[in-house]
Each structure stands twice: as C-alpha cells, then as structure tokens.
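Note sheet for the following structure.
The values are calculated or read from the model by the stated rules, or taken from the named source; none is laboratory data. Owing to the predicted nature of the structure, the values given are computational and were not obtained by experimental measurement. Cβ placement follows ideal geometry from the backbone for every residue including glycine, while neighbour counts extend to all protein chains displayed.
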Amino acid sequence: MLIHSRYPANSTHYAHTQRGVTLLMALILLVAMTIAGIVLLRSVDLTNIIAGNLAFKQAATHAADIGVERAFAYLQANSANLHNSDPAKGYFADGSASNRSPASGQSWHDYWEANINNNPRWAWTLDDSDSDRERTGNRISVVIHRMCLYAYKVNEGANCAGSTVASTATGTGEEGGEIPLKAPSSVYYRITVRVDGPRNTRSYVQAMVTL
C-alpha cells in the first residue's frame, strides 16, 4: 500500500530556511532599533548642551547690568571731574575720538580684543565680590566713554554730544524782561560692559546715560 505524505521530501530543509530568515530579520530590526536609540540619546544630550549654553549666555547678559550700575555710580560720584580720563576705572573723557570705537566693519569683540585686551588699563575689571564671580563664574569688565572729542571741560571746547544750550523765554517772559532759562548741561556717556562667563560664554552690553 502506498502512503502519500502532505509534505514534500525536503520539508525539513524548508523549515530550517524559514527559521534562518526570521533570525536574520530579527537581527536587522534589533540593529535598527539600537541605532535609533543611540541617535535619540545623542539628540537629547545635544539639546541639553544647547539649553545649558543658552542659559549661561543669558546669565552673562543679565550680569552686565551690574557693570552698568557700577559705571553709573562712578559717574555720579565723580561728576565734578569727568573732564579728566581715569583709565584705572576704564573712563575716558575723549570717548568720541576715533580710537575709542570700532573702525568701520569692525565688531566690538574684535575692537576689544585688538585694543583693550592689549591695554589692560583701558578697562575696569570689577572685583570678584562686585561681580559675584565665585558663585556665577562671571568676570565683568567696564569701559566708560564720555561722548566728547577732547578731554576738556564741557564749556572749554570739549565738543561733546548731547550738551544743551541756554534758551531765552518768549511771550510773558519776554514782556517781563526776557528772562533767560538755562537748562542744566547734559552730556552723553557710553557704557560698554563685557562679561566673560563659564563655558567660554561672552556677552557685550552697551548703555547710553546722561548726567
């Protein structure tokens, strides 16, 4: 009697082949999942690094407010002697001179690196206690420029920007004898603050004040 099998004679070979293909596909899928996991992990790490750098940059920018406040306090305390430069405090009475500002096409960073860093007396570096450097890691440097062409007194040819002139009253004042109304002299001062913080962060902030 003949017995017919439902499976071909080489069915064992087919089963082994199928199991081999499944194993290969599983390995490929595992490798793809591993690569995707590594990429995701690196992406998260990179995002954290970028966020940290932005936080340090923002902190350095905020720290510049300390430099502006110290500079303005210096100007107020020395208001009677601002026609004389004081390099130890980064103050220059001839701030409108060409060598006190970046040249055309030159950034403030390039100007600072080329000029102020090579002339340490051109900047006022705040004490660590003033800048809270021990806690924040920020080093604050300040340069103050009186916006005048020459280091003279305002009324002696300093050629300052922002100085007001005396005005004469009109109308009822004129009828009473033209009483001259003199406004207090106003001179612009440019405060430039550089903050060097952790992770090589660096920030420049400028403020214009008047006295």
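What to note about this one:
- Flag for residue 203 being modelled with pLDDT under 95, in contact with a helix residue (DSSP H, G or I) (Cβ under 7 Å, 6 or more places away or on another chain) and part of a loop (DSSP other than H, G, I, E, B): no
- When 80, 71 are checked against the criterion of being modelled with pLDDT of 90 or more, loosely packed, with under 10 Cβ neighbours inside 10 Å and in a helix (DSSP H, G or I), a single residue qualifies: 80.
- Any hit, the range 134-149, residues being of a type in the set (Val, Ile, Thr) and at pLDDT below 90: yes
- Residues that are touching a helix residue (DSSP H, G or I) at 6+ places or on another chain (Cβ under 9 Å) and part of a loop (DSSP other than H, G, I, E, B) were ranked within the range 151-200; the one that is modelled with the highest pLDDT is 187.
- Only one of the numbered conditions (1) free of Cβ contacts under 8 Å to residues at least 40 places away in the same chain; (2) more than 18 Å from the chain's Cα centre (by Cα) is not met by residue 133, and that is (2).
- Residue within the range 100-115 that is charged (D, E, K, R), out of contact with any Asp or Glu (no Cβ under 6 Å at 6 or more places or on another chain) and assigned to a loop (DSSP other than H, G, I, E, B) present: no
- Number of residues in the range 104-122 that are touching a residue at least 40 places away in the same chain (Cβ under 8 Å) and touching a Pro at 6+ places or on another chain (Cβ under 8 Å) equals 1.
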